[in-house]
Structure formats: structure tokens, C-alpha cells
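Report on the following structure.
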Amino acid sequence: MTRTAGVVVFTARPGQGEEAAKRIAAALPAVEKEAGTMLWLVLRSKADADKIFLVDLFDSDESLDAHMTGRAATQIFATVPELLAAEPELHPSTVISSKPAS
């Protein structure tokens, strides 16, 4: 069972949420090549359109580490910061409970 997750909260400058979300989502092809990344979601808040959440699930802490230094993270951190109102909040996490995706 997957036990390691990552949550990254991006707060875009006013009106830049859609573009920031698109730039984050553009990293999907790189993520698809990562064997240890089990799930990768880019979510744009309905309550605050300038807030984007990146949620990912990994098969190990080592896979999380590899992801954070890999091509997808490099791409995101090279293209998104200019649109942000604040530094991204990184939250490495432990999965407490989950329902498998169907």
C-alpha cells in the first residue's frame, strides 16, 4: 500500500490561477515516466481560483525524493514562480487512510 504523499499549495497572483494551473499540468508527460509516482493530481480551487493544489502519491520515500529532483519538478519550478504571489508550500505527507482508485 502506498504510504507516502506530497501536497504542494501554489497561490497565484490575482487572476493568474488558470495560467499557473496550466503550467503545472504541462509537467504530466514527465510525471508519466516516473515509475514510483502512483497518482498525480493538479487541482484548482473552486473557492479561490488563484489557489492550486498539487497532490501526488508515491510507492516510497525514495520515489518522492526522486520526483522532487526530477524533470517534472524542475519544469514546474522553472515556469510557474513568476505567476505566484508567494513561495509554494511543500508538504511531504504520510497517508493515514485511503480508498483505492477504480
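Annotations for the structure displayed:
- Selection count where residues are in contact (Cβ under 8 Å) with a residue 40 or more places away in the chain and either of a type in the set (K, R) or closer than 16 Å to I52 by Cβ (or both), scope segment 86-102: 5
- Here A47 fulfils each of the conditions (1) over 12 Å from the mean Cα position of the chain (by Cα); (2) in contact (Cβ under 8 Å) with a residue 12 or more places away in the chain apart from (2).
- Selection count, segment 19-43, where residues are of a type outside the set (A, V, I, L, M, F, W, C) and either touching a Gly at 6+ places or on another chain (Cβ under 6 Å) or in contact (Cβ under 8 Å) with a residue 60 or more places away in the chain (or both): 2
- Lone unmet requirement of (1) β-branched (V, I, T); (2) closer than 26 Å to K99 by Cβ; (3) at pLDDT 95 or above for T2: (3)
- A Cβ distance below 6 Å, combined with a sequence gap of six or more or placement on separate chains, defines the contacts here; from segment 70-85, residues that are farther than 19 Å from T11 by Cβ reach residues that are in a helix (DSSP H, G or I) and at pLDDT 95 or above in the pairs R71/A30; A72/A30; A72/V31.
- Within segment 38-95, tally of residues that are surrounded by 17 or more Cβ atoms within 10 Å (Cβ to Cβ), among the small types (G, A, S) and within 11 Å of A27 (Cβ to Cβ): 3
The values are calculated or read from the model by the stated rules, or taken from the named source; none is laboratory data. Since the model is a prediction, treat every value here as computed from it, not as a measurement. Don't worry about glycine lacking a Cβ; one is built from the backbone with ideal geometry, like all the others, and counts go over all protein chains shown.
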